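Structure first, commentary second.
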Amino acid sequence: MNHTPDPGVILQPRPASPVVEVRDERFGRYGVRLLVKRDDLVHPELPGNKWRKLAPNLRAAVEGGFPGVVTFGGAYSNHLRATAAAGRLLGMETVGIVRGDELAGRPLNDSLARCAAEGMRLHFVTRSEYRRKAEPQVLARLLAGAGAGSSYVVPEGGSNALALEGCAELGRELRGLSDVVAVACGTGGTLAGLAAGLAPGQRALGVPVLSGEFLGAEIRSLQEAAFGGPAGEWSLAEGFHHGGYARVPALLDAFAADFEERHGFPVERIYVAKLLWALAALTESGAFPAGTTLAAVVTGRP
């Protein structure tokens, strides 16, 4: 009996994830309505924007006859874990090029151990080389060193032109449902595609989870590559990273736990908690006029 996974079945389009209304006085007292797009339910093993961004790239890898997929990430990368899981589902080899060669001699953290358990081969590189991975010569050297020179390359965070097409579908699913659609941002790909899929008059709002104001240029560059120029209306709400990527101070953790208890769904801490915190703070500051409907995209789960 043939147990080889069928990529056509695994990568087929999935039903739109549900949108639910959340009644919370932190929004209601200001006349703001909050909807939550439960994109964490879009796929059992590749939730949220990981499915949106990876599926079109994996389809291209399968159809192109590539022997495997290689991608990039840090020690706590959700993207690495999702790519590893996708490789297992598809029966494809995956290689993760990991930032920080000092990690090579240490026990794997829970995140990287999960990648390895899914079958991903990990290759650790220096932080200086990792920063230069967009340079063609450096990229070629990194791929050769990882033994992945013939693999399909998915960029860090999965954000490229194909990924933006997948994320534009997320925007189309939210057309006409809200005035503002908000999403947490790492590499900016989800926001760039989301904005392109929304209806005229809707605005996409990104909440960066990393420190450093670099995302605007990245988003413009991604939209240029995917759509030939700017697409949709979007903006960034800076200053809600809570100390940087993967930093979850006690106040943020308590806020997320409270939100979970009130509304009965899990709140992922690194992205989603920061998004919800930002929306509550912006609402309190008067950033959204009374009568505004917000939609918050839940891009992953704990």
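Say we look at the range 19-51 and pick out the residues that are modelled with pLDDT of 95 or more and assigned to a loop (DSSP other than H, G, I, E, B); which of these is farthest from A168 (Cα to Cα)?
R29
I'd like the full set of residues that are at positive phi and at pLDDT below 95, limited to the range 177-220.
Applying the first criterion (at positive phi) to the range 177-220 yields 188, 201, 212.
Answer for the range 177-220, where residues must be at positive phi and at pLDDT below 95: G188, G212.
Answer yes or no: is there a residue in the range 121-144 that is open to solvent by less than 10 Å² (accessible area, probe 1.4 Å) and either closer than 26 Å to E233 by Cα or assigned to a loop (DSSP other than H, G, I, E, B) (or both).
no
Just wondering, is there one or more residues in the range 211-230 that are surrounded by 15 or more Cβ atoms within 10 Å (Cβ to Cβ) and closer than 25 Å to G286 by Cα?
yes
Starting from the range 233-261, keep only residues that are without any contact (Cβ under 8 Å) to a residue 60 or more places away in the chain and part of a loop (DSSP other than H, G, I, E, B), then list their pairs with residues that are among the acidic types (D, E) and open to solvent by 50 Å² or more (accessible area, probe 1.4 Å) whose Cβ atoms are within a distance under 9 Å, requiring at least 6 positions of separation or different chains.
Cβ pairs passing all conditions: E238/E213.
Looking at G300, G244, which one is at pLDDT below 95 and buried (at least 19 other Cβ atoms within 10 Å of the Cβ)? Working first, answer last.
Values: G244 fails: buried (at least 19 other Cβ atoms within 10 Å of the Cβ).
Criteria check complete, one pass: G300.
Under 6 Å by Cβ, and 6 or more places apart or on different chains, what pairs join a residue from the range 284-295 that is at negative phi and open to solvent by 60 Å² or more (accessible area, probe 1.4 Å) with one that is of a type outside the set (D, E) and in a loop (DSSP other than H, G, I, E, B)?
Filtered contacts from the range 284-295: A290/G31.
Take the conditions under 20 Å from T187 (Cα atoms) and open to solvent by 40 Å² or more (accessible area, probe 1.4 Å) and apply them to S111. Does it pass? Lay out the reasoning, then the answer.
Working: under 20 Å from T187 (Cα atoms): yes; open to solvent by 40 Å² or more (accessible area, probe 1.4 Å): no.
No: the conditions fail for S111.
Among R29, R88, which is of a type in the set (K, R) and within 30 Å of G286 (Cβ to Cβ)?
Values: R88 fails: within 30 Å of G286 (Cβ to Cβ).
After applying the criteria, what remains is R29.
Can you find, within the range 135-150, the residue that is farthest from R99 (Cα to Cα) among those that are touching a residue at least 12 places away in the same chain (Cβ under 8 Å) and of a type outside the set (A, V, I, L, M, F, W, C)?
Looking at residues that are touching a residue at least 12 places away in the same chain (Cβ under 8 Å) and of a type outside the set (A, V, I, L, M, F, W, C), I get S150.
Restricting to the range 52-73, count the residues that are more than 18 Å from D40 (Cβ to Cβ) and either in contact with a helix residue (DSSP H, G or I) (Cβ under 8 Å, 6 or more places away or on another chain) or of a type in the set (A, V, I, L, M) (or both). Reasoning before the result, please.
So the first thing to find is which residues in the range 52-73 are more than 18 Å from D40 (Cβ to Cβ), and the list is 56-73.
From what is left, the residues that are either in contact with a helix residue (DSSP H, G or I) (Cβ under 8 Å, 6 or more places away or on another chain) or of a type in the set (A, V, I, L, M) (or both) are 56-62, 68-73.
Of the residues in that region, 13 qualify.
When the range 58-86 is examined, which residues are found to be within 20 Å of T299 (Cα to Cα), in contact with a strand residue (DSSP E or B) (Cβ under 7 Å, 6 or more places away or on another chain) and surrounded by fewer than 21 Cβ atoms within 10 Å (Cβ to Cβ)?
Hits for the range 58-86 are G74, A75.
Considering the range 262-283 alone, what residues qualify as being closer than 29 Å to G157 by Cα, assigned to a helix (DSSP H, G or I) and open to solvent by 60 Å² or more (accessible area, probe 1.4 Å)?
Once the filter is applied, which keeps residues that are closer than 29 Å to G157 by Cα, assigned to a helix (DSSP H, G or I) and open to solvent by 60 Å² or more (accessible area, probe 1.4 Å), the range 262-283 yields only W277.
Hey, among L89, L54, which residue is open to solvent by less than 10 Å² (accessible area, probe 1.4 Å) and part of a helix (DSSP H, G or I)? Spell out how you get there, then give the answer.
Details: L89 fails: open to solvent by less than 10 Å² (accessible area, probe 1.4 Å).
One residue alone meets the criteria, L54.
The values are calculated or read from the model by the stated rules, or taken from the named source; none is laboratory data. On a predicted model such as this, the values are computed, not experimentally measured, just so you know. Virtual Cβ from ideal backbone geometry, glycine too; neighbours counted across all protein chains shown. Ligands, DNA and RNA are excluded from the accessible area calculation, which covers all protein heavy atoms including side chains. Shrake-Rupley method; radii C 1.70, N 1.55, O 1.52, S 1.80 Å.
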